[in-house]
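K.L.:
Structure in structure tokens, see below.
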Amino acid sequence: MAPAGSPRAKKGILERLDAGEVVVGDGGFLLTLEKRGYVKAGLWTPEAVVEHPNAVRQLHMEFLRAGSNVMQTFTFSANEDNMESQWEAVNAAACDLAQEVAGKGDALVAGGLCQTSLYKHHKDEDRIKKLFRLQLEVFVRKNVDFLIAEYFEYAEEAVWAVEVLKESGKPVAATMCIGPEGDMHGVTPGECAVKLVKAGASIIGVNCRFGPWTSLKTMRLMKEGLQAAGLKAHLMVQSLVFHMPDCGKGGFVDLPEYPFALEPRVATRWDIQKYAREAYNLGIRYIGGCCGFEPYHIRAIAEELAPERGFLPPASEKHGSWGSGLNMHTKPWIRARARREYWENLLPASGRPFCPSLSKPDV
């Protein structure tokens, strides 16, 4: 199968999903740009779109080349409460960068906002909705293609975000950072899904906080909740890239390795191909990644689902399917690795004989 050629005429997000197309999301920005020296851990605010636009542009380009259909604005935590006077310039610059790169391929631009730091302490609906509305005004002015409310621990605040985003008339996706136990108020994944759809979200799912397999378990519960309520919505998953069967309800933030020592937990490209296939088999058609997902992980999603999409991403020009490029190696034992069975069945070692395979969450 050849890589994709010239961009096709762009269709909207719901037009694509309604037609059964696979939409490949992008990957992680915060942890990736922190490692590259452009984001400071803590509030994880995205000043880089103004201070280092070339770094953000390059990461967008790498995700596009890897097969992403969506350039999500790098606007995580970019509300007025977190960024004060910088918030508007940051949101506008993030939109410009995402649109510039999306224009180079068959990609849509999603304006994204996330939970606030106010909800846990004040639950002031009017104040929180005002913060959402300010970001929305920039997204509307910049004419993004659709909107994403992501990374919500509480269903109630996620519903408020969806209600605000629906005021634009644009399609709205909503993802929560929850696991199978549900949100921090004990609302089950199925109940969360129902609330989001009733609020007006056309696409619902989970992102961040949990690894691929836990996220898919949560998605299954969300899907069952919608079915039980007689509701329909498109499903979306953008998990973390880390193996984390040992995390608790709070996800990876409670692990002692967060955020500076998570590298031993990173999934391989072959793990992510399995994640993509299992997500697809579950009926999920918007599949991407969150923190830790590098462009090669997004390429793995695009390659696994190339038969359904009908093309390979441009980055596959330099990547042989299932290690096929190793056929050219001079050493026979390395040539023997140029097959799917080898990589699917490999149990990779960590190289750390004195480290445990699992940790105990701090909470």
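The values are calculated or read from the model by the stated rules, or taken from the named source; none is laboratory data. Small disclaimer: the values here were computed from a predicted structure and weren't measured. Glycine gets a Cβ as well: all are built from the backbone with ideal geometry, and neighbour counts include every protein chain shown. Quick note on the areas: whole protein, heavy atoms, side chains included, nothing else; ligands and nucleic acids left out. Shrake-Rupley method; radii C 1.70, N 1.55, O 1.52, S 1.80 Å.
K.L.:
What number of residues within region 59-84 satisfy the criterion of being open to solvent by 20 Å² or more (accessible area, probe 1.4 Å), of a type outside the set (Asp, Glu) and free of Cβ contacts under 8 Å to residues at least 60 places away in the same chain?
P.N.:
In the first step, residues of region 59-84 are kept if they are open to solvent by 20 Å² or more (accessible area, probe 1.4 Å); the result is 61-62, 64-65, 76, 80-82, 84.
Now narrow it down to the ones that are of a type outside the set (Asp, Glu): 61, 64-65, 76, 82.
Pick out the ones that are also free of Cβ contacts under 8 Å to residues at least 60 places away in the same chain and you get 61, 64, 82.
Here the count works out to 3.
K.L.:
Let me ask something else. Any idea which residue in region 307-363 is most open to solvent (accessible area, probe 1.4 Å), counting only those that are of a type in the set (Phe, Trp, Tyr) and out of contact with any strand residue (DSSP E or B) (no Cβ under 9 Å at 6 or more places or on another chain)?
P.N.:
It comes out as Phe354.
K.L.:
Which one of these does Lys10 not meet: (1) under 20 Å from the mean Cα position of the chain (by Cα); (2) under 27 Å from Ala302 (Cα atoms); (3) open to solvent by 10 Å² or more (accessible area, probe 1.4 Å)?
P.N.:
It fails just one condition, (1).
K.L.:
I would also like to ask the following. Does Leu131 satisfy the criteria of being in contact (Cβ under 8 Å) with a residue 40 or more places away in the chain, among the hydrophobic types (A, V, I, L, M, F, W, C) and under 25 Å from Gly25 (Cα atoms)? If you could, list the steps in order and put the result at the bottom.
P.N.:
Values: in contact (Cβ under 8 Å) with a residue 40 or more places away in the chain: yes; among the hydrophobic types (A, V, I, L, M, F, W, C): yes; under 25 Å from Gly25 (Cα atoms): no.
Spelling it out, it is not the case that Leu131 is in contact (Cβ under 8 Å) with a residue 40 or more places away in the chain, among the hydrophobic types (A, V, I, L, M, F, W, C) and under 25 Å from Gly25 (Cα atoms).
K.L.:
What number of residues in region 40-55 are open to solvent by 30 Å² or more (accessible area, probe 1.4 Å) and either not β-branched (Val, Ile, Thr) or not assigned by the TED database to the domain that holds Gln72 (or both)?
P.N.:
So in region 40-55, the residues open to solvent by 30 Å² or more (accessible area, probe 1.4 Å) come out as 40-43, 47, 50-54.
Cutting the leftovers down to either not β-branched (Val, Ile, Thr) or not assigned by the TED database to the domain that holds Gln72 (or both) gives us 40-43, 47, 51-54.
The number of residues fulfilling the criteria is 9.
K.L.:
Considering only helices (runs of 4 or more DSSP H) fully contained in region 37-145, which possess at least 1 residues that are closer than 21 Å to Gly289 by Cα and touching a strand residue (DSSP E or B) at 6+ places or on another chain (Cβ under 7 Å)? So that I can check it myself, show each step before the final result.
P.N.:
Numbers: elements: 48-51, 53-66, 80-83, 87-102, 125-141.
Output list reads 53-66, 87-102.
K.L.:
Consider only pairs whose beta carbons are under 6 Å apart and that are at least six residues apart or on different chains; among these, list those whose first residue lies in region 166-183 and is without any contact (Cβ under 8 Å) to a residue 40 or more places away in the chain and closer than 17 Å to Lys223 by Cβ and whose second residue is open to solvent by 40 Å² or more (accessible area, probe 1.4 Å) and assigned to a loop (DSSP other than H, G, I, E, B).
P.N.:
Final answer for the pair search is Gly182/Thr188.
K.L.:
If you don't mind, there's one more thing I want to ask. Kindly indicate the residue of region 172-198 that is crowded, with 23+ Cβ neighbours inside 10 Å and not hydrophobic (A, V, I, L, M, F, W, C) and also nearest to Gly248 (Cα to Cα) among those meeting that condition.
P.N.:
Step one: of region 172-198, the residues crowded, with 23+ Cβ neighbours inside 10 Å are 172-179, 183, 189, 192-193, 196.
When the remaining residues are screened for being not hydrophobic (A, V, I, L, M, F, W, C), the result is 175, 179, 183, 189.
Details: Thr175: 19, Gly179: 9, Asp183: 12, Pro189: 15 Å.
Taking the candidates together, the pick is Gly179.
K.L.:
Could you please find all residues in region 91-118 being over 20 Å from the mean Cα position of the chain (by Cα) and crowded, with 17+ Cβ neighbours inside 10 Å?
P.N.:
Ala92, Ala93
K.L.:
Right, something else. Among the residues of region 173-202, which ones are within 19 Å of the chain's Cα centre (by Cα), farther than 18 Å from Thr116 by Cα and outside any helix (DSSP H, G or I)?
P.N.:
Gly179, Pro180, Gly182, Ala201, Ser202
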